[in-house]
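This report refers to the structure that appears directly beneath it.
Derivation of every value follows stated rules applied to the coordinates shown; laboratory data play no part. Because the structure is predicted, anything quoted here is derived from the model rather than measured. Note that we place each Cβ from the backbone using ideal geometry, even for glycine, and neighbour counts take in every protein chain shown.
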Amino acid sequence: NPSTTIRFALPKSGHVELKVYNTLGQEVATLVNEEKVAGTYSAQWNANSVASGVYYYRMRVRGFTATQKMLLMK
C-alpha cells in the first residue's frame with residue numbers, strides 16, 4: 001500500500017506547513033499549507049509516484065519545526 005497517514009495535533013491556531021522530502025533534501029510533496037485552528041488532524045500521503053526508500057516529513061507551525069523519518073516500502 002503506497003499511502004500513509006500522518007497525524008498531528010496543534011495546541012494553538014496557526015499556519016501549518018507539512019512537507020515530505022527525499023534523502024537528498026528535495027521536496028517530494030506538500031500535504032498541508034494552510035491556516036488551522038487548534039485540534040487534531042491527519043494528512044494522507046499517496047506515494048504512488050515515488051520509489052521505495054527513506055523519506056522525511058517536516059511540520060512547521062508558528063516558529064516550531066519538527067522533522068520525522070519514515071520508510072516507504074512498496
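Observations, loosely collected:
- Yes/no for Tyr55 being under 26 Å from Lys12 (Cα atoms) and either exposed (fewer than 13 other Cβ atoms within 10 Å of the Cβ) or among the hydroxyl-bearing types (Ser, Thr, Tyr) (or both): no
- Test: residue in the stretch 31-38 that is out of contact with any Ser or Thr (no Cβ under 9 Å at 6 or more places or on another chain), more than 18 Å from Lys74 (Cα to Cα) and small (Gly, Ala, Ser): no
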